[in-house]
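Engineer: Quick one: structure below, then a few questions.
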Amino acid sequence: MAAASFAGAAASRPTLCIFSKHMAQFGYDDLGKKAKEIGFEGVDLTVRARGHVEPEKAATDMPRAVEAIRAAGLSVPMITTGLLKADEPAARPTLSTAAKLKIPFWKPGYYKYPKLETAGSVEQAVAAVKPQIAGLVAMSKEYGLTCGFHNHSGDYVGAAVWDTRDLIANLDPKSVGYYLDPAHATIEGGLAGWRITMNLVAPRLKMVALKDFYWSKAKGETKLNWCPMGEGMVDWPKVFANLRAANFTGPLTLHVEYDTKDELASIAKDFEFVKKHVAAAWA
């Protein structure tokens, strides 16, 4: 596949990245080359268990991965980790190495609500998570990095976004903000909830994840289905218009969560969709 051209200065619009999870079959050298061939400008590198970089090897393997990706002509504007506490053995090596490599953004792991149906459990869970994320953000700030909290749908802390707001409200906006996922926001708030979410996160928006979905119902069961970009329920023209209005210039990371027989072809097709909408919004 030939590299797709993209008009417009990268500094004035988001960097289009591929989530390296979806190129797990490639080593460091081929990861960058394949992403470049499709047309991506950057890679969101997994630095977590079973990722491209195992967390216990962050100090040695992350530089190797980043060097190879950059040698292919791509940037590494963010890493995705599984970090939940600052006292984890992998926390300091991961963040300090990211800082040395001048990777500005990173994503922590996921916290869950253990007992959603129990009165007061949500507040208790948020209270328990608050010192954990605060510790990670303090370490992140020490190294000059920026943490983005992802709004994963389901029984995850952050799904409602209001809970994330409570977690980070008193933390340095330069050191922590939101990693917005419009699809997960639409899953949790299909009518106006996702629009409220975008309005809420705009002042502290750091990164954006891109994927699409639709609901189906068969035999009385409602099912969530991931699908190619533009074939689902996310209102992409409004999403990209809102991102442009917020002057968002951070990483836009493409995720391909649906089943496909040819993952690279699906990635390329979804990339073309994203490229078209970014070009229109940032024209």
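The values are calculated or read from the model by the stated rules, or taken from the named source; none is laboratory data. Everything quoted here is computed from the prediction, not taken from an experiment. Quick reminder, even Gly has a Cβ in these numbers, built from the backbone with ideal geometry, and neighbours come from all protein chains shown. The protein model used for the area step is the full one, side chains on, heavy atoms only, and it has no ligands, DNA or RNA in it. Shrake-Rupley method; radii C 1.70, N 1.55, O 1.52, S 1.80 Å.
Engineer: Name the single residue, out of those in segment 240-258 being part of a loop (DSSP other than H, G, I, E, B) and either touching a residue at least 12 places away in the same chain (Cβ under 8 Å) or aliphatic (A, V, I, L, M) (or both), that is surrounded by the most Cβ atoms within 10 Å (Cβ to Cβ).
Structural biologist: 256
Engineer: Note down all Cβ pairs under 7 Å where the first residue falls in segment 62-85 and is among the small types (Gly, Ala, Ser), the second is in a helix (DSSP H, G or I) and open to solvent by 50 Å² or more (accessible area, probe 1.4 Å), and they're at least six residues apart or on different chains.
Structural biologist: Here the result reads 68/29; 72/33; 72/36; 73/36, each pair linking segment 62-85 to a residue that is in a helix (DSSP H, G or I) and open to solvent by 50 Å² or more (accessible area, probe 1.4 Å).
Engineer: Go through segment 107-120 and give me each residue that's open to solvent by less than 100 Å² (accessible area, probe 1.4 Å) and either in contact with a Gly (Cβ under 7 Å, 6 or more places away or on another chain) or of a type in the set (Asp, Glu) (or both).
Structural biologist: 107, 109
Engineer: Identify all residues within segment 94-106 that are touching a residue at least 40 places away in the same chain (Cβ under 8 Å) and open to solvent by 10 Å² or more (accessible area, probe 1.4 Å); write none if there are none.
Structural biologist: 96, 99, 104, 105
Engineer: Name the residue that is farthest from residue 128 (Cα to Cα), counting only residues in segment 158-176 that are in contact (Cβ under 8 Å) with a residue 40 or more places away in the chain and either touching a Cys at 6+ places or on another chain (Cβ under 9 Å) or open to solvent by 10 Å² or more (accessible area, probe 1.4 Å) (or both).
Structural biologist: That would be 176.
Engineer: Give me the strands (runs of 3 or more DSSP E) completely within segment 139-239, filtered to those with at least 2 residues that are over 16 Å from residue 105 (Cβ atoms), ordered by residue number.
Structural biologist: Strands (runs of 3 or more DSSP E) meeting the threshold: 212-218, 221-227.
Engineer: Checking the conditions here, which among 268, 246 is over 16 Å from residue 212 (Cβ atoms) and among the hydrophobic types (A, V, I, L, M, F, W, C)?
Structural biologist: Exactly one residue qualifies, and that residue is 246.
Engineer: Looking only at residues in segment 1-36 that are modelled with pLDDT of 95 or more and in a loop (DSSP other than H, G, I, E, B), which one is nearest to residue 209 (Cα to Cα)?
Structural biologist: 14
Engineer: Show the residue pairs meeting these rules: Cβ distance below 6 Å; 6+ apart or different chains; first residue within segment 23-46 and under 19 Å from residue 270 (Cβ atoms); second residue of a type in the set (Val, Ile, Thr) and open to solvent by 10 Å² or more (accessible area, probe 1.4 Å).
Structural biologist: Final answer for the pair search is 41/15; 42/15.
Engineer: Sort out which residues of segment 20-51 are touching a strand residue (DSSP E or B) at 6+ places or on another chain (Cβ under 7 Å) and open to solvent by 30 Å² or more (accessible area, probe 1.4 Å), and write them in order of number.
Structural biologist: 21, 41, 48
Engineer: Within segment 160-177, does at least one residue satisfy the condition of being at pLDDT 95 or above and within 26 Å of residue 270 (Cα to Cα)?
Structural biologist: No, because not a single residue in segment 160-177 is at pLDDT 95 or above and within 26 Å of residue 270 (Cα to Cα).
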